[in-house]
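Asker: Structure below; questions to follow.
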Amino acid sequence: MPIARLRGQDGFPPAQSAGRDGLLAVGGDLSPRRLLCAYGRGIFPWYEQGQPILWWSPDPRFVLFPKEFHYGATLKKVLRRGDFTFTFDRDFAAVVAGCALPRPDQAGTWITPAMRDAYIGLHRLGYAHSLEAWHEGRLAGGLYGVSLGGVFFAESMFHLEANASKAVLATLAALALTLDLGVIDCQVPSPHLLAWGGRSISRRAYLRRLRAGLRQRTLRGDWDEMRLLPA
(Lines give C-alpha, C1' and ligand atoms only; values in the text may rest on other atoms or scores of the structure.)
Protein backbone atom coordinates (compact mmCIF):
# COMPACT_ATOMS: atom_id res chain seq x y z
CA MET A 1 0.00 0.00 0.00
CA PRO A 2 1.41 3.47 -0.89
CA ILE A 3 2.42 5.72 2.00
CA ALA A 4 -0.38 8.22 2.70
CA ARG A 5 0.37 11.92 2.24
CA LEU A 6 -1.34 14.11 4.81
CA ARG A 7 -2.61 17.55 3.90
CA GLY A 8 -4.71 20.04 5.79
CA GLN A 9 -6.78 18.31 8.46
CA ASP A 10 -7.03 14.98 6.63
CA GLY A 11 -7.27 12.02 8.99
CA PHE A 12 -4.75 9.20 9.34
CA PRO A 13 -5.09 5.87 7.57
CA PRO A 14 -5.51 2.86 9.90
CA ALA A 15 -2.36 2.04 11.85
CA GLN A 16 -2.50 -1.51 10.51
CA SER A 17 -1.80 -0.20 7.01
CA ALA A 18 1.75 0.92 7.92
CA GLY A 19 4.59 -0.51 5.85
CA ARG A 20 6.82 -3.29 7.11
CA ASP A 21 9.18 -0.70 8.60
CA GLY A 22 6.28 0.98 10.43
CA LEU A 23 6.09 4.09 8.25
CA LEU A 24 2.43 5.05 7.83
CA ALA A 25 2.15 8.60 6.47
CA VAL A 26 4.11 11.67 5.36
CA GLY A 27 3.34 15.35 5.74
CA GLY A 28 0.66 17.17 7.67
CA ASP A 29 1.54 19.31 10.66
CA LEU A 30 2.37 19.07 14.36
CA SER A 31 -0.70 20.87 15.66
CA PRO A 32 -2.10 19.71 19.02
CA ARG A 33 -5.17 18.35 17.26
CA ARG A 34 -3.06 16.30 14.85
CA LEU A 35 -0.73 14.99 17.58
CA LEU A 36 -3.53 13.95 19.92
CA CYS A 37 -5.34 12.25 17.04
CA ALA A 38 -2.15 10.38 16.16
CA TYR A 39 -1.37 9.17 19.68
CA GLY A 40 -4.97 8.08 20.15
CA ARG A 41 -4.58 5.83 17.10
CA GLY A 42 -1.20 4.37 17.98
CA ILE A 43 0.79 6.66 15.67
CA PHE A 44 3.70 8.99 16.47
CA PRO A 45 5.93 11.46 14.54
CA TRP A 46 9.64 10.75 14.11
CA TYR A 47 11.82 12.48 11.55
CA GLU A 48 15.01 14.49 11.20
CA GLN A 49 15.65 18.11 10.30
CA GLY A 50 15.22 18.60 6.55
CA GLN A 51 12.79 15.69 6.16
CA PRO A 52 9.03 15.97 5.84
CA ILE A 53 7.08 14.93 8.94
CA LEU A 54 7.04 11.12 9.08
CA TRP A 55 4.35 9.22 11.01
CA TRP A 56 4.98 5.71 12.35
CA SER A 57 3.15 2.73 13.79
CA PRO A 58 5.74 -0.07 14.13
CA ASP A 59 4.98 -3.74 14.44
CA PRO A 60 5.98 -5.01 16.94
CA ARG A 61 5.60 -2.16 19.42
CA PHE A 62 7.95 -1.76 22.36
CA VAL A 63 6.23 -1.13 25.69
CA LEU A 64 6.91 -1.21 29.40
CA PHE A 65 4.22 -2.50 31.72
CA PRO A 66 4.80 -0.67 35.03
CA LYS A 67 4.34 -3.80 37.13
CA GLU A 68 7.16 -5.46 35.15
CA PHE A 69 9.76 -2.72 35.71
CA HIS A 70 13.05 -4.34 36.74
CA TYR A 71 14.85 -2.75 39.68
CA GLY A 72 18.48 -3.82 39.56
CA ALA A 73 20.70 -3.78 42.63
CA THR A 74 22.39 -0.50 41.64
CA LEU A 75 19.10 1.29 41.08
CA LYS A 76 17.71 0.06 44.39
CA LYS A 77 20.76 1.54 46.15
CA VAL A 78 20.38 4.85 44.29
CA LEU A 79 16.72 5.16 45.25
CA ARG A 80 17.34 4.05 48.82
CA ARG A 81 20.15 6.61 49.27
CA GLY A 82 17.95 9.40 47.92
CA ASP A 83 20.56 10.55 45.40
CA PHE A 84 17.88 12.47 43.49
CA THR A 85 14.74 14.41 44.19
CA PHE A 86 11.94 14.29 41.61
CA THR A 87 9.36 16.70 40.28
CA PHE A 88 6.75 16.67 37.54
CA ASP A 89 6.30 19.52 35.07
CA ARG A 90 8.70 21.82 36.92
CA ASP A 91 10.79 22.62 33.82
CA PHE A 92 9.35 20.93 30.75
CA ALA A 93 11.33 23.04 28.26
CA ALA A 94 14.64 22.22 29.98
CA VAL A 95 13.90 18.49 29.85
CA VAL A 96 13.10 18.65 26.13
CA ALA A 97 16.30 20.62 25.57
CA GLY A 98 18.25 18.01 27.53
CA CYS A 99 16.76 15.22 25.43
CA ALA A 100 17.81 17.08 22.28
CA LEU A 101 21.48 17.25 23.32
CA PRO A 102 23.89 15.39 20.99
CA ARG A 103 24.67 11.83 22.04
CA PRO A 104 27.86 9.85 21.35
CA ASP A 105 25.98 7.16 19.40
CA GLN A 106 23.93 9.56 17.26
CA ALA A 107 24.87 11.88 14.42
CA GLY A 108 22.05 14.32 15.21
CA THR A 109 18.73 14.66 16.98
CA TRP A 110 15.17 14.00 15.89
CA ILE A 111 13.93 16.66 18.33
CA THR A 112 13.80 19.48 15.79
CA PRO A 113 12.78 23.03 16.77
CA ALA A 114 9.33 22.28 15.35
CA MET A 115 9.04 19.13 17.47
CA ARG A 116 10.19 21.01 20.57
CA ASP A 117 7.59 23.74 20.04
CA ALA A 118 4.86 21.18 19.33
CA TYR A 119 5.37 19.31 22.61
CA ILE A 120 5.70 22.52 24.59
CA GLY A 121 2.30 23.40 23.11
CA LEU A 122 0.87 20.06 24.28
CA HIS A 123 2.40 20.69 27.70
CA ARG A 124 0.64 24.04 27.97
CA LEU A 125 -2.63 22.25 27.20
CA GLY A 126 -1.97 19.76 30.00
CA TYR A 127 -1.36 16.66 27.88
CA ALA A 128 2.46 16.50 27.79
CA HIS A 129 4.47 16.07 30.99
CA SER A 130 8.05 16.03 32.16
CA LEU A 131 9.61 14.20 35.09
CA GLU A 132 12.77 15.81 36.41
CA ALA A 133 15.55 14.37 38.58
CA TRP A 134 17.46 16.95 40.62
CA HIS A 135 20.79 16.61 42.40
CA GLU A 136 21.97 19.40 44.72
CA GLY A 137 19.57 21.82 43.05
CA ARG A 138 20.70 21.06 39.49
CA LEU A 139 18.79 19.20 36.79
CA ALA A 140 20.45 15.78 36.56
CA GLY A 141 18.13 14.09 34.08
CA GLY A 142 14.55 13.69 33.00
CA LEU A 143 12.02 12.36 30.56
CA TYR A 144 8.97 13.72 28.80
CA GLY A 145 5.95 12.28 27.07
CA VAL A 146 2.22 12.48 26.45
CA SER A 147 -0.53 11.16 28.71
CA LEU A 148 -3.90 10.04 27.37
CA GLY A 149 -6.27 7.97 29.48
CA GLY A 150 -4.41 5.03 30.98
CA VAL A 151 -1.42 5.23 28.62
CA PHE A 152 1.78 7.26 28.94
CA PHE A 153 3.62 7.74 25.64
CA ALA A 154 7.27 8.21 26.63
CA GLU A 155 9.06 10.29 24.03
CA SER A 156 12.64 10.69 25.23
CA MET A 157 14.86 10.86 28.28
CA PHE A 158 18.34 12.09 29.13
CA HIS A 159 20.82 12.20 31.95
CA LEU A 160 23.64 14.49 32.99
CA GLU A 161 24.58 12.32 35.97
CA ALA A 162 24.90 8.56 36.24
CA ASN A 163 21.72 6.64 37.04
CA ALA A 164 19.44 9.66 36.58
CA SER A 165 17.65 8.20 33.53
CA LYS A 166 16.85 4.87 35.16
CA ALA A 167 15.79 6.67 38.35
CA VAL A 168 13.24 8.84 36.54
CA LEU A 169 11.86 5.87 34.63
CA ALA A 170 11.58 3.87 37.85
CA THR A 171 9.75 6.80 39.46
CA LEU A 172 7.38 7.02 36.51
CA ALA A 173 6.71 3.27 36.64
CA ALA A 174 5.96 3.41 40.37
CA LEU A 175 3.59 6.35 39.92
CA ALA A 176 1.93 4.65 36.95
CA LEU A 177 0.89 1.82 39.25
CA THR A 178 -0.84 4.21 41.64
CA LEU A 179 -2.53 6.15 38.80
CA ASP A 180 -3.64 3.00 36.95
CA LEU A 181 -1.55 3.87 33.90
CA GLY A 182 -1.33 0.37 32.50
CA VAL A 183 1.12 0.94 29.64
CA ILE A 184 4.22 3.08 29.12
CA ASP A 185 4.65 3.21 25.35
CA CYS A 186 8.37 3.27 24.52
CA GLN A 187 7.75 2.91 20.75
CA VAL A 188 11.02 1.21 19.74
CA PRO A 189 13.46 -0.96 21.72
CA SER A 190 16.80 -0.04 23.24
CA PRO A 191 19.25 -2.13 25.31
CA HIS A 192 18.58 -0.02 28.42
CA LEU A 193 14.81 -0.37 28.17
CA LEU A 194 15.15 -4.11 27.64
CA ALA A 195 17.23 -4.36 30.80
CA TRP A 196 14.60 -2.40 32.74
CA GLY A 197 11.77 -4.73 31.77
CA GLY A 198 10.49 -3.39 28.45
CA ARG A 199 9.33 -5.85 25.82
CA SER A 200 7.85 -6.04 22.35
CA ILE A 201 4.21 -6.87 21.67
CA SER A 202 2.37 -7.10 18.38
CA ARG A 203 0.79 -3.97 16.97
CA ARG A 204 -2.58 -5.68 17.21
CA ALA A 205 -2.08 -6.34 20.93
CA TYR A 206 -0.81 -2.80 21.44
CA LEU A 207 -3.81 -1.23 19.72
CA ARG A 208 -6.14 -3.39 21.81
CA ARG A 209 -4.50 -2.16 25.02
CA LEU A 210 -4.50 1.40 23.72
CA ARG A 211 -8.25 1.32 23.07
CA ALA A 212 -8.83 -0.02 26.57
CA GLY A 213 -6.58 2.64 28.10
CA LEU A 214 -8.33 5.48 26.28
CA ARG A 215 -11.57 4.58 28.04
CA GLN A 216 -10.01 5.94 31.24
CA ARG A 217 -10.06 9.61 32.19
CA THR A 218 -7.01 11.62 31.12
CA LEU A 219 -5.19 13.20 34.07
CA ARG A 220 -4.78 16.55 32.38
CA GLY A 221 -3.02 19.56 33.87
CA ASP A 222 0.13 20.35 35.84
CA TRP A 223 1.13 17.14 37.60
CA ASP A 224 3.42 18.98 40.00
CA GLU A 225 0.53 21.12 41.24
CA MET A 226 -1.48 17.92 41.75
CA ARG A 227 1.25 16.71 44.14
CA LEU A 228 1.35 13.24 42.63
CA LEU A 229 4.80 12.56 44.08
CA PRO A 230 5.32 12.10 47.82
CA ALA A 231 6.79 15.16 49.53
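The values are calculated or read from the model by the stated rules, or taken from the named source; none is laboratory data. Predicted model, so just to flag it, every value in this text is computed and none were measured. Counting neighbours? That spans all protein chains shown, and the Cβs are built from the backbone with ideal geometry, glycine included.
Asker: Which of the residues spanning region 173-231 are closer than 26 Å to residue 125 by Cα, more than 17 Å from the chain's Cα centre (by Cα) and in a helix (DSSP H, G or I)?
Answerer: Within region 173-231, 178, 211, 212 meet the criteria.
Asker: Follow-up question, since we're still on this one. What's the number of the only condition in (1) surrounded by 14 or more Cβ atoms within 10 Å (Cβ to Cβ); (2) small (Gly, Ala, Ser); (3) at pLDDT below 95 that residue 190 fails to meet?
Answerer: (1)
Asker: Right, here's the next one. Within region 184-229, count every residue that is of a type in the set (A, V, I, L, M) and more than 21 Å from residue 14 (Cα to Cα).
Answerer: 8
Asker: Please work out if residue 30 is in contact (Cβ under 8 Å) with a residue 40 or more places away in the chain, closer than 22 Å to residue 123 by Cβ and crowded, with 16+ Cβ neighbours inside 10 Å.
Answerer: Answer is yes for this residue.
Asker: Quick check on residue 142: is it more than 23 Å from residue 72 (Cβ to Cβ), at pLDDT 95 or above and of a type outside the set (Ser, Thr, Tyr)?
Answerer: No; evaluated as a whole, the condition is false for this residue.
Asker: Hey, can you tell me all the residues within region 40-88 that are aromatic (Phe, Trp, Tyr) and either assigned to a loop (DSSP other than H, G, I, E, B) or modelled with pLDDT under 95 (or both)?
Answerer: Within region 40-88, 46, 47, 65, 69, 71, 84 meet the criteria.
Asker: Can you name the strands (runs of 3 or more DSSP E) wholly within region 117-168 that have at least 2 residues being farther than 22 Å from residue 196 by Cα and in contact (Cβ under 8 Å) with a residue 40 or more places away in the chain?
Answerer: The strands (runs of 3 or more DSSP E) meeting that bar are 138-148.
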